[in-house]
Amino acid sequence: MDTLTITQPDDWHLHVRTGSMLRAVIGHTARQFARAIIMPNLKPPVVSVAQALAYRDEILAALPPGSDFQPLMTLYLTGNTSADEIRRVADSDHVHAIKLYPAGATTNSDAGVGDIRAVYPVFEAMARHDVPLLVHGEAPEPGHDIFDREKAFIDAHLSDIHRQFPELRIVFEHVTTQDAVAFVESAGDNVAATITPQHLLYNRNALLAGGVRPHFYCLPILKREHHRQALLKAATSGNRKFFLGTDSAPHSTLLKESACGCAGCFSAHAALELYAEAFEQMQALDKLEAFASFNGPDFYRLPRNIGRVTLVKQPWQVPASYPVKDSVTLTPLRAGETMAWQLLSTFG
Ligand code: DOR
Ligand code: ZN
């Protein structure tokens, strides 16, 4: 198959930051996707509907002229999130979910939740108002081995949250292990998961291939090959619980290539093409449309897109970097390498 036309996809997990970084990255996403769930882990975090609406305005103002890309906003859950704020989310046309970062688990998670059981009353309000909970599912305690943190979170928290609030819609974000796939598959219909392109295409060897490779460092960290195989199987299975969420997370080249480099892979420049490569590995390109364009909106109870996009098997070279501002640059996933698939036309 040399061309593939599918319904225009959405990205159900995306970081776009603010200011010059936002302006540098947003066009890449808007070129491919109709909508994206925007992560709230700014400094300071987006904790109220009012802040989310202001952030949405900033994103809209940064879009290329003529773009009708829609940012779908989220709030950052803290120990202070109130039931009133949950009601405001439920009443809002623009805020679609609330994100749980266990404190200390990842980038800008310091303001996250330290005692997860203490926010159960918030989960109760979310279940009542039918507001989805998005979860960064890693146990943050430094005692856990970094490769075991996802499973530890399922065992210590996620199973219990789902048991206590079976009506609560939960997206287990960027799943990386066989354990997470098994949890989602065996959970009720209210539990779904996003999968990133890097976790479908790479295992943990990519981090240390001939030397330290900081551009493959993200959280949750890349795992062993058998976990990657489980993710590929889940994504291409046709199971409606799994959908596209790039977790594209830009940091400047300088902050990535550092003695203590930031976590996050920038993939928005080639997102759909990367997924196409993964699905082709599984001889499952016919399953890409449901994963990229149907399962997400169905879970979020939003209409599927009407436009179409076309991918062609036509090699192109990813630039070594993209400019951000002055001498600041951004190094994309696959920098300097060749991509097999190219996104051609959009919309219509
Ligand atoms: O690698 C990551 N980067 N994982 C996250 O959870 C956060 C993200 C970021 O904001 O950079
Ligand atoms: Zn993320």
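Could you compute how fast the stretch 241-348 diffuses translationally, taking Rh as the Kirkwood radius over C-alpha pairs and applying Stokes-Einstein at 10 °C with viscosity 1.306 mPa s? Give it in µm² per second. Each step should come with its number before you reach the end.
Numbers: Rh = 15.6 Å.
It diffuses with D of about 102 µm²/s by this estimate.
In the context of the full protein assembly, K151 retains an accessible surface of approximately 90 Å², using a probe radius of 1.4 Å and ignoring ligands and nucleic acids.
Could you check what % of the DSSP bridge pairs in the chain are antiparallel, to the nearest 5? Intermediate values should be presented prior to the final figure.
Details: 13 of 37 bridges.
Around 35 percent antiparallel, to the nearest 5.
With each label modelled as a point 7 angstrom along the Cα→C-beta vector, the Q281-E257 pair spans 2.6 nm. Among residues other than A125 with Cβ under 10 Å from its Cβ, the summed charge is -1 (Lys and Arg +1, Asp and Glu -1). This model, with +1 at the C-beta of Lys and Arg and -1 at the C-beta of Asp and Glu, gives the chain a dipole about its Cα centre of some 420 debye. Projected onto the charge dipole of the stretch 295-348 (+1 at Lys/Arg Cβ, -1 at Asp/Glu Cβ, origin at the Cα centre), which of L333, V312, P323 gives the Cα projection farthest towards the positive end? The Cα lying farthest towards the positive end belongs to V312. Between A270, H227, A62, whose Cα lies farthest towards the positive end of the dipole of the stretch 3-347 when Lys and Arg beta carbons carry +1 and Asp and Glu beta carbons carry -1, centred on the Cα centre? Result: A270, furthest along the dipole toward the positive end.
Tally Lys/Arg at +1 and Asp/Glu at -1 over every other residue whose Cβ is under 9 Å from the Cβ of W12; what's the total? Combined, the nearby Lys, Arg, Asp and Glu give -2.
What relative contact order, as a whole-number percentage, does the chain give when Cα pairs under 8 Å and 6 or more residues apart are counted? Intermediate results must be reported in sequence, preceding the final value.
Details: 732 pairs, mean separation 65.3, N = 348.
After rounding, I find 19 percent.
Sequence-distant contacts, meaning Cα pairs under 8 Å at least 6 residues apart, place the relative contact order of the stretch 204-348 at 25 percent. Computed on the Cα trace of the stretch 101-260, the radius of gyration divided by the Kirkwood hydrodynamic radius gives Rg/Rh = 0.97. Using a probe of 1.4 Å on the protein chains alone, the accessible area found for E85 is around 20 Å². Could you pull out every residue, at least 5 positions away or on a different chain, whose amide H is within less than 5 Å of the one on L72? Hs are placed 1.01 Å off N in the peptide plane, and Pro or chain starts have none. Placed amide hydrogens put A36, I37, I38 under 5 Å from L72.
The residues neighbouring R35, those whose beta-carbon lies less than 14 Å from its own, together hold a net charge of -1 under the Lys/Arg +1, Asp/Glu -1 convention. Ranking F123, P140, N108 by how far each Cα lies toward the positive end of the dipole of the stretch 103-156 (charges on Cβ) leaves F123 at the top. Residues considered: G336, G210, G238. Largest GNM mean-square fluctuation over the chain, using C-alpha springs under 10 Å, is found at G210. Taking the protein heavy atoms of the chain in the context of the full set of protein chains, the accessible area attributed to carbon and sulfur is 51 percent at 1.4 Å. Measuring with a 1.4 angstrom probe and ignoring ligands and nucleic acids, D326 comes out at about 150 Å² accessible.
Considering only A259, A103, A271, the mean-square fluctuation computed in a Gaussian network model of the chain, springs between alpha carbons under 10 angstrom, is largest for A259.
Computed over protein heavy atoms with a 1.4 angstrom probe, the accessible surface ordering of H227, H199, largest first, is H227, H199.
Report the residues of the stretch 224-261 in range of a label on N205: point 7 Å along Cα→C-beta, backbone N strictly under 18 Å from it. Answer for the stretch 224-261: 224-232. Taking all protein chains into account, the per residue accessible area for the stretch 200-348 stands at 43 Å² (1.4 Å probe).
Once both labels are positioned 7 Å from their Cα atoms along Cα-to-Cβ, the gap between R163 and Q342 label points is 5.4 nm. For the stretch 163-225, the relative contact order comes to 33 percent (Cα pairs under 8 Å, sequence separation of at least 6).
Compare Y76, Y202, Y120 in a GNM of the chain, Cα atoms joined below 10 Å, and give the one with the largest fluctuation. Of Y76, Y202, Y120, the Gaussian network model singles out Y120 as fluctuating most.
So, R0 is 22 Å and r is the distance between the beta-carbons of H129 and S186; what FRET efficiency does that work out to, to 0.05? Spell out each step's value before the answer.
Working: r = 26 Å, r/R0 = 1.20.
The pair H129/S186 has a calculated efficiency of 0.25.
Tell me whether the stretch 3-347 comes out rounded, prolate or oblate; compute the Cα gyration tensor, take square roots of the eigenvalues as a ≥ b ≥ c, and use a/c under 1.5 as the rounded threshold. All intermediate terms of the calculation are to be shown ahead of the outcome.
Working: a/c = 1.28, a/b = 1.23, b/c = 1.04.
Rounded.
The values are calculated or read from the model by the stated rules, or taken from the named source; none is laboratory data. Keep in mind that this is a model prediction, so the values were computed, not measured. Heads up, the Cβs are rebuilt from the backbone with ideal geometry, glycines too, and the neighbour counts pull from every protein chain shown. In case anyone asks, the SASA skips ligands and DNA or RNA and just uses the protein heavy atoms, side chains included. Shrake-Rupley method; radii C 1.70, N 1.55, O 1.52, S 1.80 Å.
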